[in-house]
1. Tell me whether the stretch 39-54 contains one or more residues that are outside any helix (DSSP H, G or I) and either closer than 24 Å to ALA216 by Cβ or touching an Asp or Glu at 6+ places or on another chain (Cβ under 6 Å) (or both).
2. Specify the residue that is surrounded by the fewest Cβ atoms within 10 Å (Cβ to Cβ); the eligible residues are those in the stretch 151-160 that are of a type outside the set (Gly, Ala, Ser) and free of Cβ contacts under 8 Å to residues at least 24 places away in the same chain.
3. Out of ARG160, ARG196, ARG240, report the one residue that is at pLDDT below 70, of a type outside the set (Ser, Thr, Tyr), at negative phi and in a helix (DSSP H, G or I).
4. Residue by residue through the stretch 57-74, note down the ones that are closer than 12 Å to THR25 by Cβ and either outside any helix (DSSP H, G or I) or aromatic (Phe, Trp, Tyr) (or both).
5. Restricting the search to the stretch 112-122, which residues are outside any loop (DSSP other than H, G, I, E, B) and modelled with pLDDT under 85?
6. Do any residues in the stretch 123-141 that are under 14 Å from ILE96 (Cα atoms) and in a helix (DSSP H, G or I) have Cβ atoms under 7 Å from those of residues that are modelled with pLDDT under 90 and among the acidic types (Asp, Glu), where the two are at least six apart or on different chains, and which pairs are they?
7. If PRO110 satisfies every condition in (1) under 16 Å from VAL234 (Cβ atoms); (2) without any contact (Cβ under 8 Å) to a residue 60 or more places away in the chain but one, which is the exception?
8. Residues of the stretch 128-162 being more than 16 Å from THR243 (Cα to Cα) and either in contact with a strand residue (DSSP E or B) (Cβ under 8 Å, 6 or more places away or on another chain) or of a type in the set (A, V, I, L, M) (or both), which ones?
Amino acid sequence: MAKTKKKSQAGQRTFALFMIAAFITLLGACTMLLAKKIGWVSSKSYIYHFYFRCWYIQFLNTWLLIGGILYWIMRYFHFRNEEKIFRQVLLPDGTISRSKADNLIRDIPPEYENTLTFRRFRTLLWSFLYGEDIIRLNEELSFSDISAVNRGHLILDSLRNLIPVSGFLGTVLGLSLGMTKFPQVADLSKLREALRGFAVSLSVAFDTTLLSLVYAIIIILLSTFLRQKEELLVEEVNERARTFIDQLKIESMEKGFESESKVADSLHRVGDALIRKLEEVGNAVRQPPHYQVIVRPIGDESGQQ
């Protein structure tokens with residue numbers, strides 16, 4: 001239930017970010033139109049034609065880029081918060097007993113329970129209290145955290161693939177519009193006009209491709225930078241968790257050695273007692289008892305009586 005609620009909240013935040021990106025994109029388009037109307041930007045300028053000759057593709061890609069950047073900023077601040085918490089965590093000195101582990105679980109602040117570092121340590125402590133294999137569990141948690149990092153980049157990975165596709169759509173659309181301008185007659189003047197229109201359509205096709213490639217490169221660079229940072233943080237948490245496990249293992253092994261020594265002492269006493277019994281049986285077999293049989297006549301007994 002908590003995971004479902006968390007995923008729902010993450011989806012709502014992402015939706016809100018892309019709505020903000022849509023508003024920023026619309027605001028940018030209105031600003032450019034207003035600048036053209038005022039005279040700050042000419043309708044024949046390159047920047048105006050670059051965006052408005054195929055505006056539905058260019059502003060779609062711009063919206064996707066702004067949404068991706070806002071999403072990246074949200075994840076980056078989340079990463080910085082996780083990193084700050086990790087740097088502040090100090091491991092306790094010495095071995096950790098079961099009572100101390102229970103106190104450590106209780107001392108975790110509620111607002112930090114779902115952070116990467118405290119979630120890992122709390123799970124290991126609970127497993128230690130229940131006698132589970134904490135070494136194998138730590139490996140599984142590490143794999144789960146790496147998977148969570150990859151899932152967090154699904155939107156950025158999707159944008160990295162979607163933006164070039166939409167740019168290619170603008171390329172195909174520009175070429176298609178250019179081909180429709182060729183007349184069916186062999187009039188030279190009309191053919192020249194058609195070629196000029198086809199050149200304009202080619203320019204539109206190349207502009208959409210150029211913008212989409214630039215936007216895709218920006219998304220790739222941002223995503224790669226953040227992914228490396230997050231994976232490095234997970235690895236640092238793994239190293240800290242291994243040190244933490246060593247403290248738990250030492251205490252567990254000492255208890256294990258004590259119990260094993262007690263069992264060995266008990267077995268030694270039982271073995272000594274068994275050996276003594278076997279020696280007694282052996283001596284009895286080697287030196288059986290001697291019995292003397294005395295036969296007396298009946299008459300003698302009656303005469304005596």
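The values are calculated or read from the model by the stated rules, or taken from the named source; none is laboratory data. As the structure is a computational prediction, the values presented were derived from the model and not from experiment. All Cβ positions, glycine included, derive from the backbone under ideal geometry; neighbour counts span all protein chains shown.
1. yes
2. Taking the candidates together, the pick is LEU154.
3. ARG196
4. Passing the criteria: PHE59, TRP63.
5. As a first pass, look at the stretch 112-122 and keep what is outside any loop (DSSP other than H, G, I, E, B): 112, 116-122.
Hit for the stretch 112-122 is TYR112, nothing else.
6. If the second residue must be modelled with pLDDT under 90 and among the acidic types (Asp, Glu), the pairs left are LEU129/ASP102.
7. PRO110 satisfies all of (1) under 16 Å from VAL234 (Cβ atoms); (2) without any contact (Cβ under 8 Å) to a residue 60 or more places away in the chain except (1).
8. Selection gives LEU129, ILE146, ALA148, VAL149, LEU154, ILE155, LEU156, LEU159, LEU162.
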